[in-house]
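Notes for the one structure printed next.
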Amino acid sequence: MRKSVLAAAVATASLAVPAAADAHVTVNPRSVTAGSFDVMNVRVPNERDNKGTVKVDVRFPDGFYFLSYKKVPGWKVKITRETLPAPVDLEGLSITQQISRVVWTGNPKKGGVIRPSQFEEFPISVRVPDGEAGSQLMFRAIQTYRGGEKVRWTAADPAADTPAPRVTLAAPAALAKRTGGA
């Protein structure tokens, strides 16, 4: 009996380690079509046993000109735009600013906290930047817990302990058909 309890405990612990190692801030879906309008989700798991996440700060790569967000109860949103060095012509519009950062700040009294063993998704509707199929967009995220502890999901190396969220660009459908892609 002791051996089976010990074996079950070891098996459970070994399953928990990979799950914890994989739990990090991500942007989903992991692949989006270049130049498309799409809904993406910033997924934020809580990795702490004793405190909740109360702030998520995401830095965007260049080329995000349009963004709207879905309200998440208990969370305030601040979108930061930066002026471009020169206007960009996009489908007949002269674009002078791009999205550089989105910060979600939770109010725990109103439900704006990601508690231990929970995750939250923050949906955004964006125009995906143009780019080559297979290239990646890297976002940098800072997750803040109650008490001020910060985890910086900013590492360029995807194998790092705190990798930056990334999304792979797919070719637009019309281009994929012309080049023999899917």
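Applying 1/(1 + (r/R0)^6) with R0 = 35 Å to the Cβ-Cβ distance of Gln118 and Leu93, what FRET efficiency is obtained, to the nearest 0.05?
Details: r = 40 Å, r/R0 = 1.14.
It comes to 0.30.
What pairs from Lys51/Lys110; Lys55/Lys110; Lys78/Lys110; Lys51/Lys71 go past 20 Å between their alpha carbons? Don't skip to the answer; put the middle values down first.
Values: Lys51/Lys110 16 Å; Lys55/Lys110 14 Å; Lys78/Lys110 17 Å; Lys51/Lys71 23 Å.
The answer is Lys51/Lys71.
Measure off 7 Å from each Cα along the Cα-to-Cβ vector at Arg146 and Phe37, then give the distance between these two points in nanometres to one decimal.
4.0
Amide H neighbours of Trp153 under 5 Å, at least 5 residues apart or on other chains, H built in the peptide plane: list them.
Those qualifying (amide H under 5 Å, at least 5 residues apart or on another chain) are Ala141, Ile142, Gln143.
How are the Cα pair distances of the range 41-182 distributed, in percent, across 10 Å bins from 0?
Answer for the range 41-182: a P(r) of 11, 35, 32, 17, 5, 0 percent.
With the Cα gyration tensor of the range 25-84 giving a ≥ b ≥ c as the square roots of its eigenvalues, does the rule (a/c under 1.5 for rounded; else a/b larger than b/c for prolate; else oblate) give rounded, prolate or oblate? Numbers along the way, then the final one.
On the way: a/c = 2.10, a/b = 1.58, b/c = 1.33.
Judged from the Cα gyration tensor, the range 25-84 comes out prolate (a/c at least 1.5, a/b above b/c).
List, in order, the whole-Hz ³J(HN,Hα) value for each residue of the range 74-87 obtained from phi through the Karplus relation with A = 6.51, B = -1.76, C = 1.60 and θ = phi - 60°; use x for Gly and Pro.
x, 10, 9, 10, 10, 9, 10, 10, 10, 6, 6, x, 8, x
So which trypsin sites (Lys or Arg not before Pro) in the range 52-112 pass both tests, a DSSP loop state and at most 11 other Cβ atoms within 10 Å of the Cβ? Intermediate values should be presented prior to the final figure.
On the way: sites: Lys55, Arg59, Lys70, Lys71, Lys76, Lys78, Arg81, Arg101, Lys109, Lys110; in loops: Lys70, Lys71.
For trypsin sites (Lys or Arg not before Pro) across the range 52-112 that sit outside H, G, I, E and B with at most 11 neighbouring Cβ atoms in 10 Å, the list reads Lys71.
Could you run the Debye sum over the Cα atoms of the range 50-122, one equal point scatterer each and no solvent, and tell me log10 of I(q)/I(0) at q = 0.14, 0.19, 0.26 Å⁻¹, two decimals?
-0.54, -0.79, -1.15
Grab the Cα-Cα distance for Phe66 and Leu84, subtract it from 0.36 nm times how many residues apart they are, and report the gain in nm with one decimal. Walk me through the numbers on the way to the answer.
Values: separation 18, 0.36 × 18 = 6.48 nm, distance 1.36 nm.
Full extension from Phe66 to Leu84 adds 5.1 nm.
Can you run phi through the Karplus equation (6.51, -1.76, 1.60; θ = phi - 60°) for the range 143-155 and list ³J(HN,Hα) in whole Hz, with x for Gly and Pro?
9, 10, 9, 3, x, x, 4, 10, 10, 9, 8, 10, 5
No value in this document is a laboratory result; all are computed from the given coordinates. Every value quoted in this text rests on a predicted model; they were computed, and no experiment measured them. Reconstructed Cβ throughout: ideal geometry from the backbone, glycine too, with neighbour counts over all protein chains shown.
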